[in-house]
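Following: one structure in structure tokens, then a few remarks.
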Amino acid sequence: MAFEGLSSRLQEITRKIRGKARITESDLKEMLREVKLALLEADVNYKIVKEFISVIQEKALGQDVLKSLTPGQQVVKIVKDELVELLGGTESKINFTPNPPTIIMLVGLQGSGKTTTCRKTSKPIKKTGKKTITSCM
């Protein structure tokens, strides 16, 4: 949910600044404001959002645009890279117990995507030959 809102806000802003060769400070402020609002609406801690936005601002301001990207896409790339870094930066694997079952608990607010995450997580596990049981309480 949080990423969908963030994605739609970034796409809106990207459309507004098409055709520019450099990212101006006002364009960047507008984009970062949208990112900040999307993260705050997703209940991300204010201190984390503030630090996240400052890192993105440092990296994006005045940066030359890569040949294959527009300025808006460049900022989106920077935001994506920083989100990946914020969420751990590396792929983690599930440690299965030697004696089944391995229990995975998902906790979150109502409507935050726990059931969807559970279903999406179970598909690759099933492909490895393991059985999955999903239960929502």
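What follows is calculated from the coordinates using simple rules that are stated; it is not laboratory data. Keep in mind it's a predicted model, so treat the numbers as computed, not measured. Here the Cβ positions follow ideal geometry from the backbone for every residue, glycine too, while neighbour counts run over all protein chains shown.
Values as computed for the structure displayed
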| item | result |
| --- | --- |
| In nm, spacing of pseudo-spin labels at residue 48 and residue 134 (7 Å Cα→C-beta vector) | 2.4 nm |
| Net charge contributed by nearby residues that have their C-beta within less than 12 Å of residue 87 (K/R +1, D/E -1) | -3 |
| Residue 73-residue 16 pseudo-label distance in nm [points 7 Å out on the Cα-to-Cβ vector] | 2.1 nm |
| Distance (nanometres) between label positions extended 7 Å along Cα→Cβ at residue 127 and residue 99 | 3.1 nm |
| By average C-beta atoms within 10 angstrom, highest first, the peptides 28-41, 110-123 | 28-41, 110-123 |
